[in-house]
Amino acid sequence: MFTDEVLDGVEIQSVWRKRNQLATETRDSQTRAVHYEESGVQTRGSTTAQSSQTEEAAHHPHQQVDFLGGHQEALQGLKDFLHGVEDMVLRALAANAKSHAFDGFHVNWEEHSHMVSCVHRMHHPSAQEKALHVTCVSWNSTGSVIACAYGRMDDGDWTSEKSYVCTWNLDRGGVNAERADLVIDVHSAVTALCFHPTLPNVITGGLYSGEVVVWDTSRTQDPLVAQTGMSAQSHREPVYQVVWVPCRGSRDLGVLSGSSGGRVLLWKLESDQRRLLLSEGYAFVREQVPHSSYAHTKAHGSAMVGVTSLAVSPWHSDTFVVGSEGGLLLKCSFSSQTPAAVPRCDHQEDVAGSVTLRAPAVFCFRATNHSPVHSIHWSPFHRNLFLSTGTDGLVHLHSVLQANPLLSVRVSDSSYVFQVRWSPTRPLVFAAATGQGAVQVFDLGRRSIRPVASMDVGGVGGVATCLAFNHRAPGLLALGSTHGHLHVWTLSAELTEQQPNEMLRLEQLAAEVAE
């Protein structure tokens, strides 16, 4: 028998079972009774159908569906219009393909800010009490530590004044703007500073006294590693530039220093003896400066050409450029074997273990004026290009293949330019520190060469004395001021990300013929 039940609208048929017996088992029969059983399972007697939100419209096979909602006439009108203007559009596209009106134009789909912002403003209280100036700044090889040195940019008494080198690690949380991580006391004003290119704790400095010093910032109790001391072989005038360069015949790096006494000296580090040993020496004598119709070669007082700036080519291991107090800009060779005609009073051949000074100048660039060349910087993107600047308020773009500048950019109308540096990531961008209290950033790729960004050191009468891009974090730019402050600024992506065709434009600048 069947029993029907309905649960929630679904008819369920219950299980049925029926037993039958085909034969009866007896004692006289060998055949046992066969039993069989029929059974059934629960089955649905009815089903429930559900539909989706979108149902297929029922239509006849030959019936046309109007997907445009009855706008067939508008569609036909659009097709007629497109056919009518097709030839005109094709002619316009062909003309645009041959046009150069938008060459170099790049659509920037991202909104980059042109603004720059100051993220750190640090100082050393003892230096500010003495009204000392920040004379130079340098980032270490990891880009995490910034160092600044103190001295004076004015006519104060530099010889007897104590100075400092201070470092801050910006990767650590909670940077104390008034308390440096390390303060190195120096007996003389520091006029040059440069971190080692690979050792993050090693830094070299040049002093107003003429000494060259190497410190290890990891040795907080006694950071002094080596120094030249005051000897007949060392500089006897202020050292305005120090840079790490390879020593000949060695994988070790030495310190190249240039001073206003007219000498460029290469020092080899002997850390176990806590001293720097003179390895090679070069001297600049007026009568040995290559003659140029633009060079100002008349002697005024000393026969030596005072060195105020130098830059070693990252492309030519034998080439460096020197700027002088009198405005001379000289291309030099480390391999020069010409003995320098050093006056007898300055000669060092009688000193035991001394080196013979050589005359390295091989070419003279045009002198734009006869005042000191404060800064030189080689392009990190082109082997022949470098920048120079000084007291004329201009930044000059030079090629080592030509005497005249390729381009001169007016940076300051009424003051000096103390330092210029190429961007490490933008081939056409450079920054310049001015006596008007600001660092100006320029982009040579723009039609109008005007500052694209400006960073003020703050305060009345302040002067931007020095600057340094962070090669590990190109968005950071450090600058120092005569107020004794060390500023760290962030740059927008537009100032740090290379633009399309930028290298092509740089090549075009390098290929131009100077007038």
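Worth pointing out:
- Residue check, LEU269 out of contact with any Pro (no Cβ under 9 Å at 6 or more places or on another chain) and closer than 18 Å to VAL312 by Cα: no
- Test result for ARG219, under 25 Å from the mean Cα position of the chain (by Cα) and open to solvent by 70 Å² or more (accessible area, probe 1.4 Å): no
- Where MET153 falls short, out of the listed (1) touching a Ser or Thr at 6+ places or on another chain (Cβ under 6 Å); (2) open to solvent by 20 Å² or more (accessible area, probe 1.4 Å); (3) free of Cβ contacts under 8 Å to residues at least 60 places away in the same chain: (3)
- Counting only strands (runs of 3 or more DSSP E) wholly contained in the stretch 389-439, the ones carrying 3 or more residues that are of a type in the set (Gly, Ala, Ser) occupy 429-434.
Residues are listed down the side, and each one gets a yes or a no for (1) at pLDDT 95 or above; (2) acidic (Asp, Glu); (3) assigned to a loop (DSSP other than H, G, I, E, B):
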site	(1), (2), (3)
GLY461	no, no, yes
CYS466	yes, no, no
PRO474	no, no, yes
GLY480	yes, no, no
LEU486	yes, no, no
TRP489	yes, no, no
GLU497	no, yes, yes
PRO500	no, no, yes
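- The stretch 424-437, residues that are of a type in the set (Gly, Ala, Ser) and either free of Cβ contacts under 8 Å to residues at least 40 places away in the same chain or surrounded by fewer than 24 Cβ atoms within 10 Å (Cβ to Cβ) (or both): GLY435, GLY437
- Some residue of the stretch 493-505 being under 23 Å from ARG121 (Cα atoms) and surrounded by fewer than 17 Cβ atoms within 10 Å (Cβ to Cβ): yes
- Here GLY254, GLY210, GLY229, GLY261 are screened, and the one residue that is open to solvent by less than 30 Å² (accessible area, probe 1.4 Å), in a strand (DSSP E or B) and not aliphatic (A, V, I, L, M) is GLY254.
- All positions within the stretch 185-198 that are within 18 Å of ARG152 (Cβ to Cβ) and in contact (Cβ under 8 Å) with a residue 40 or more places away in the chain: ALA189, VAL190, THR191, ALA192, LEU193
- Of the set (1) closer than 27 Å to TYR164 by Cβ; (2) in contact (Cβ under 8 Å) with a residue 40 or more places away in the chain; (3) open to solvent by 10 Å² or more (accessible area, probe 1.4 Å); (4) hydrophobic (A, V, I, L, M, F, W, C), all apply to VAL242 but (3).
- The residues of the stretch 355-371 that are assigned to a loop (DSSP other than H, G, I, E, B) and buried (at least 21 other Cβ atoms within 10 Å of the Cβ), listed by number, are LEU357, ALA359, PRO360, PHE365.
- Considering the conditions (1) touching a residue at least 60 places away in the same chain (Cβ under 8 Å); (2) under 24 Å from CYS364 (Cα atoms); (3) open to solvent by 60 Å² or more (accessible area, probe 1.4 Å), GLU287 is excluded by exactly one of them, (1).
- Filter result for GLU73 (among the charged types (D, E, K, R), at pLDDT below 85 and more than 30 Å from LEU491 (Cβ to Cβ)): yes
The values are calculated or read from the model by the stated rules, or taken from the named source; none is laboratory data. These figures come from a predicted structure and were not determined experimentally. All Cβ positions, even for glycine, are placed from backbone atoms using ideal geometry, and neighbour counts span all protein chains on display. Side chains are part of the model used for accessible areas, which takes the heavy atoms of the whole protein and leaves out ligands, DNA and RNA. Shrake-Rupley method; radii C 1.70, N 1.55, O 1.52, S 1.80 Å.
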